[in-house]
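The values are calculated or read from the model by the stated rules, or taken from the named source; none is laboratory data. No experiment lies behind these values; they were computed from the predicted model shown. Here the Cβ positions follow ideal geometry from the backbone for every residue, glycine too, while neighbour counts run over all protein chains shown. Remember, those area values only see protein heavy atoms, side chains included, never the ligands or the DNA or RNA. Shrake-Rupley method; radii C 1.70, N 1.55, O 1.52, S 1.80 Å.
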Amino acid sequence: MRAMTLRTRFAPSPTGHLHVGNARTALFSALLAAQADGEFILRIEDTDAERSRAEFETMLLADLAWLGLHWQEGPDLGGPHAPYRQSERSRIYRTYIDKLAGQGRTYPCFCTPGELALARKIQLAAGRPPRYAGTCARLTNAEIETRLAQGLKPALRFRVPDQGATEFDDLIRGAQRFAHKDIGDFVIRRADGSPAFFFSNALDDALMGVTQVLRGEDHLANTPRQLLILEALGLHAPRYGHLPLVLGAGSAPLSKREGGGSLQELRSAGILPEALVNYLARLGHVYAREDFLSLAELVRDFNVAHIGHAPAHFDHAQLEHWQREAIKHADSGRLWNWLAEMPKLAALVPAEQRADFIETVRGNLVRPAEARVWADIIFGERPELSDASRTAICSAGPAFFDAAIRALPEARTGFAGFANAVSAATGARGRKLFMPLRAALTGLEHGPEMERIWPLLTAARVKARLQHAAVLCK
Ligand code: GLU
């Protein structure tokens, strides 16, 4: 028999921007599917008409694509289980809700939000877990008719069996058991006629043939409810795996300051998607290899068994580490496209020197703005001198730079040949030789190797900068 194709999904609600926690869930789901040569689908859970917005959906798709994720079915691509937007699946939900109602597994509930809140308060005060008290569970048909005739709009509740328990083997947390008496009858259709999350989410996973669900731990307690619905409908349930939360430093929720904001923020701060993917893939999941991995390598070595049980902490310093790695590994065309988002950069760097410029500054970049600084230094007017550069220039003195200008004809052999000639003429060596030259030519005390910067500076610029240094402290 042919093994069943592994299918995972990401099912965001378009009620806000994509944050790192959700992005990690999407990534793990995509990695899991790709690892098994399976399928990854995207479903938009927009049943909450008030909070869902089309522009959030557009941005979600753009963020996921930016991250480098590919889905095989989704609202933009269609697929065998279309539509992939829950707001377009009302007829399907109605059919299955009617089926449950026909089996006597549901009842209308006329309790108002105020009554429910009060009942919850009383239960909590008595130290009991809040669950629906069952007020409407035993209404007679006549009582129901009377309320409907009064124009009251009921929600529809699913009847949870009194006895027994629902058990399942969580992909991450192992054996789980929820006693039915603790669950309480829950709403599957709201009073306004829209399906509740428990229902549409579970039904769609089953109808769309999802075999593995990875999602946040906050959904763990929803799972027994969803399994009960699918069992009542005779549908095949997926395996669920609940990911520990992503927290900020300490145990506080992620804050923006920690880089835990939206993907859009990280993107506009210049983070490369390859950096974020390398970091997220290791956020609560262990790879044996600690070096930078391509997406194909991240897929190959992904293993649900390597997902930890403890909350993961988003650490901005770690992201910076992966950012440096990503810059180190990106090919030069890719880096140029990333840098070219910086205003004026393209105008500063001559097209035929782009590749050399990239290789010169690559090791000194963490953000595109730094490339702009180096482009200014290398291709712009005479750079501003830092205080330390001034000091280095002045302690070398005018005679040093006069000698350097005289040595310029020797510079055809590159920076090393030039520096040797300056050394021979002045007797300066080591720091005393290189610091004043670097300071005069770049205005800074550190940066890319001078050997690399040298060919990008024109002879005219070199001469002007040395001349300026020669007169600076006269
Ligand atoms: N729409 C739900 C959410 O964004 C999906 C939960 C799930 O993955 O099952 O939280």
Check your understanding: Can you name the residue in the range 218-230 that is in contact with a strand residue (DSSP E or B) (Cβ under 8 Å, 6 or more places away or on another chain) and open to solvent by 10 Å² or more (accessible area, probe 1.4 Å) and is also nearest to the ligand (Cβ to nearest atom) among such residues?
Key -> HIS219
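When you look at THR106, is it out of contact with any strand residue (DSSP E or B) (no Cβ under 6 Å at 6 or more places or on another chain) and among the β-branched types (Val, Ile, Thr), yes or no? It would help to see each step written out before you state the result.
Details: out of contact with any strand residue (DSSP E or B) (no Cβ under 6 Å at 6 or more places or on another chain): no; among the β-branched types (Val, Ile, Thr): yes.
For THR106, the condition - out of contact with any strand residue (DSSP E or B) (no Cβ under 6 Å at 6 or more places or on another chain) and among the β-branched types (Val, Ile, Thr) - is not met.
Only one residue in LEU280, LEU207, LEU276 is within 16 Å of the ligand (Cβ to nearest atom) and either open to solvent by less than 50 Å² (accessible area, probe 1.4 Å) or out of contact with any strand residue (DSSP E or B) (no Cβ under 9 Å at 6 or more places or on another chain) (or both), so which one is that?
On the way: LEU280 fails: within 16 Å of the ligand (Cβ to nearest atom); LEU276 fails: within 16 Å of the ligand (Cβ to nearest atom).
Of LEU280, LEU207, LEU276, the one residue that is within 16 Å of the ligand (Cβ to nearest atom) and either open to solvent by less than 50 Å² (accessible area, probe 1.4 Å) or out of contact with any strand residue (DSSP E or B) (no Cβ under 9 Å at 6 or more places or on another chain) (or both) is LEU207.
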**Study point:** Unmet requirement for SER262, which otherwise passes all of (1) modelled with pLDDT of 95 or more; (2) within 16 Å of the ligand (Cβ to nearest atom); (3) touching a helix residue (DSSP H, G or I) at 6+ places or on another chain (Cβ under 9 Å)
**Key:** (1)
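If you check THR5, THR25, THR47, which single one turns out to be β-branched (Val, Ile, Thr) and modelled with pLDDT under 95?
Details: THR5 fails: modelled with pLDDT under 95; THR25 fails: modelled with pLDDT under 95.
Just one listed residue meets the conditions, THR47.
Could we say that ARG173 is open to solvent by 20 Å² or more (accessible area, probe 1.4 Å), charged (D, E, K, R), within 14 Å of the ligand (Cβ to nearest atom) and under 25 Å from ASN303 (Cβ atoms) here? So that I can check it myself, show each step before the final result.
Working: open to solvent by 20 Å² or more (accessible area, probe 1.4 Å): yes; charged (D, E, K, R): yes; within 14 Å of the ligand (Cβ to nearest atom): no; under 25 Å from ASN303 (Cβ atoms): yes.
Spelling it out, it is not the case that ARG173 is open to solvent by 20 Å² or more (accessible area, probe 1.4 Å), charged (D, E, K, R), within 14 Å of the ligand (Cβ to nearest atom) and under 25 Å from ASN303 (Cβ atoms).
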Point to revise | The lone exception for ARG157 - which of (1) open to solvent by 70 Å² or more (accessible area, probe 1.4 Å); (2) under 40 Å from the mean Cα position of the chain (by Cα) it fails | key: (1)
Exercise for review: Could you list, in sequence order, all residues of the range 309-330 that are touching a strand residue (DSSP E or B) at 6+ places or on another chain (Cβ under 9 Å) and open to solvent by less than 30 Å² (accessible area, probe 1.4 Å)?
Suggested key: ALA312, PHE314
Review point. Restricting to helices (runs of 4 or more DSSP H) lying wholly in the range 345-408: which have 1 or more residues that are in contact with a Leu (Cβ under 8 Å, 6 or more places away or on another chain) and free of Cβ contacts under 8 Å to residues at least 40 places away in the same chain?
Key: 345-348, 354-361, 368-379
Check your understanding: Limited to the range 43-68, what total is found for residues that are away from the ligand (no atom under 15 Å from the Cβ) and touching a helix residue (DSSP H, G or I) at 6+ places or on another chain (Cβ under 7 Å)?
Key -> 3
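Please go through the range 68-113 and pick out each residue that is in a strand (DSSP E or B) and not hydrophobic (A, V, I, L, M, F, W, C).
Restricting attention to the range 68-113, the residues satisfying the condition of being in a strand (DSSP E or B) are 73-74, 78, 85, 106-109.
Scanning the range 68-113 gives GLU73, GLY74, GLY78, ARG85, THR106, TYR107, PRO108.
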Review point. Consider ASN420 against the criteria (1) open to solvent by 70 Å² or more (accessible area, probe 1.4 Å); (2) outside any helix (DSSP H, G or I): it satisfies all of them except one. Which criterion is unmet?
Key: (2)
Practice item. Just name the residue that is nearest to the ligand (Cβ to nearest atom) out of those in the range 1-36 that are open to solvent by 30 Å² or more (accessible area, probe 1.4 Å), in contact (Cβ under 8 Å) with a residue 12 or more places away in the chain and over 16 Å from the mean Cα position of the chain (by Cα). Key: THR15
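What strands (runs of 3 or more DSSP E), lying completely within the range 114-211, carry at least 3 residues that are closer than 30 Å to ARG85 by Cα?
Working: elements: 155-158, 165-170, 174-179, 186-189.
In the range 114-211, the matching strands (runs of 3 or more DSSP E) lie at 155-158, 165-170, 186-189.
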Check your understanding: For residues in the range 184-204 being within 15 Å of the ligand (Cβ to nearest atom) and of a type in the set (Gly, Ala, Ser), which is farthest from VAL160 (Cα to Cα)?
Key -> SER194
Exercise for review: State all residues of the range 54-73 that are over 19 Å from the mean Cα position of the chain (by Cα) and either open to solvent by less than 30 Å² (accessible area, probe 1.4 Å) or β-branched (Val, Ile, Thr) (or both); if no residue qualifies, say none.
Suggested key: GLU73
